[in-house]
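Below is one structure; the comments refer to it alone.
Since every read-out is calculated from the coordinates, none of them should be taken as a lab result. Here the structure is a predicted model, which is why all the values come from computation and not from measurement. A quick note on method: Cβ atoms are made from the backbone with ideal geometry, for glycine too, and the neighbour counts reach across all protein chains shown.
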Amino acid sequence: MSLATETAAESAAVHEDDPRRSWAAVFALARFEARDLLRYIPVVATLLLYVGYTAWTLFDEKEGMDAFPALQDADRATQTGPLLFGIALFVCVNRCTLRSRRRGTDRQFDVLVMEPWRRTVAHVLSVVPFAAVTALVVLGEFTRQALRPGAVGHGSLAELAVGPLYVLLCGALGVLLARLVPSTFAVPVGVVGLFVFSVFISAGTGGAEWSRWLSPIVGENGGNTVLPSDLIGRPA
């Protein structure tokens, strides 16, 4: 018993003296959790669907007005693609965070040097690679539109960042919900409940202007869009 107590005390002392080693453990755990997320079929399926559909829209020949994109609309068009991918991450990250609770290994983590809040940070960081992939897809999609002949207007960096930030936020919310409500049924019930709630609100308010802000992605009405001068001067 005394040996175990001394070992724990020495480990705690090493942990306090070398914070870089603690953060290295956090990053190592984050890499493991990111690889583990790839074992979940919803994550892989929605990621392949997102990348595949985006690639198909980029290399598909456009006709009519679609062949001459307005970049202030092209940047907002990149926001709808990651919606399903973000929901899949929300569910699967929550399950990864609750893995130890489902398998009854919570007590084993109590003997580790890494504090619970560092494990929580590692779970959040595990979503960063998927947000980076989303950012690359968004960048490729917008770049392709910008290089089309006749493209006009200017894109917004804030609009382009919505997709990757949405994916990152979904993962962080999945971890937060796992810490607040440690149950595997909370996320499916929450997703279905939010969908039903948004449908009833939209139907009950008759599509009111404020109800669209309940969606994670908010578009702009065509009547309020400011057109670039190059597009206004273009002959019909």
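Descriptive notes on the structure:
- Gain on full extension, evaluated as 0.36 nm per residue between A161 and F195 minus their Cα-Cα distance, stands at 9.8 nm.
- Sites L169 and W117 - FRET efficiency at Förster radius 22 Å, r taken between beta-carbons, to 0.05: 0.70
- FRET E, pair L48, R179, Förster distance 35 Å, beta-carbon r, rounded to 0.05: 0.70
- Sum of side-chain charges, T78 neighbourhood, beta-carbon under 13 Å (Lys, Arg +1; Asp, Glu -1): -2
- Fewest-first sequence of I201, I41 by Cβ atoms within 10 Å of each Cβ: I41, I201
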